[in-house]
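First comes the structure, then the notes that go with it.
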Amino acid sequence: MTKSVLVPVDLAHTDALEAAISAVRVVAAPERAKVTLVGVTGSVPSAAAHNPTEFSEKLAAYGSEVAARIGLPVDTQTLVDVDVEADLGRVLIKAAEDLGADLIVMASHVPGFIEHIIASNAGYVASHAKCSVYVVR
């Protein structure tokens with residue numbers, strides 16, 4: 001029984017989240033599970049936003065769009081980290097624990113050469129999270 005679903009969001013690549021959002025609808029709707037979109041940003045400008053406040057606003061707008069598509073309420077949470085690239089997996093796992101999520105639905109890409117040497121973010125989360133992780137391509 002799924003009660004709470006965490007969905008990591010990269011606002012610079014929302015087009016890559018379509019399969020994950022479809023999966024969230026399938027797993028969350030029957031149980032009316034709580035859905036939380038979590039975005040992690042730095043304090044410096046990025047491709048997604050100029051600052052954490054703008055990032056939060058964009059994430060909230062995307063959350064409203066997702067809620068309309070999946071027919072469920074969607075919460076959003078912005079987390080600020082000093083080194084997003086290095087810390088992303090750990091930050092997402094902690095967020096899942098803090099939210100009491102029993103499922104993480106995470107988008108991934110087709111692994112390339114580097115992922116055979118260094119774990120991808122989805123691979124790290126799937127390997128270390130205490131809850132179930134559904135990685136969607």
Checklist entry - If you check every pair at least six apart or on different chains, which have Cβ atoms under 9 Å apart with a residue in the stretch 41-54 that is over 10 Å from Leu11 (Cα atoms) first and a residue that is hydroxyl-bearing (Ser, Thr, Tyr) and part of a loop (DSSP other than H, G, I, E, B) second? => result Asn51/Ser43; Pro52/Ser43
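Out of the residues in the stretch 101-137 that are of a type in the set (Gly, Ala, Ser) and surrounded by fewer than 12 Cβ atoms within 10 Å (Cβ to Cβ), which is modelled with the highest pLDDT?
Filtering the stretch 101-137 for residues of a type in the set (Gly, Ala, Ser) gives 101, 107-108, 112, 119-120, 122-123, 126-127, 129, 132.
From what's left, surrounded by fewer than 12 Cβ atoms within 10 Å (Cβ to Cβ): 112, 127.
Working: Gly112: 58, Ser127: 94.
Step by step, filter the stretch 101-137, then rank; the result is Ser127.
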Checklist entry - Could you list, in sequence order, the residues of the stretch 88-97 that are over 20 Å from Thr53 (Cβ atoms) and either surrounded by 18 or more Cβ atoms within 10 Å (Cβ to Cβ) or at pLDDT below 95 (or both)? => result Leu88, Gly89, Leu92, Ile93, Ala96
Item to check | All positions within the stretch 23-40 that are out of contact with any Lys or Arg (no Cβ under 9 Å at 6 or more places or on another chain) and free of Cβ contacts under 8 Å to residues at least 40 places away in the same chain | outcome: Val26, Pro30
Item to check | Tally, over the stretch 91-105, of residues that are within 11 Å of Val5 (Cβ to Cβ) and among the acidic types (Asp, Glu) | outcome: 1
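For the stretch 4-51, how many residues are farther than 12 Å from Met106 by Cβ and of a type outside the set (Lys, Arg)?
Let us first name the residues in the stretch 4-51 that are farther than 12 Å from Met106 by Cβ, namely 4, 11-15, 18, 22, 25-36, 39-51.
Remaining after also requiring of a type outside the set (Lys, Arg): 4, 11-15, 18, 22, 26-31, 33, 35-36, 39-51.
Count: 30.
Of a type in the set (A, V, I, L, M, F, W, C) and within 14 Å of the chain's Cα centre (by Cα): is that true of Ala96 in this structure? Before you say what the answer is, go through the steps one by one.
Values: of a type in the set (A, V, I, L, M, F, W, C): yes; within 14 Å of the chain's Cα centre (by Cα): yes.
So Ala96 fits the description; yes.
The values are calculated or read from the model by the stated rules, or taken from the named source; none is laboratory data. On a predicted model such as this, the values are computed, not experimentally measured, just so you know. In this analysis, Cβ positions are derived from the backbone assuming ideal geometry, glycine residues included, and neighbour counts consider all displayed protein chains.
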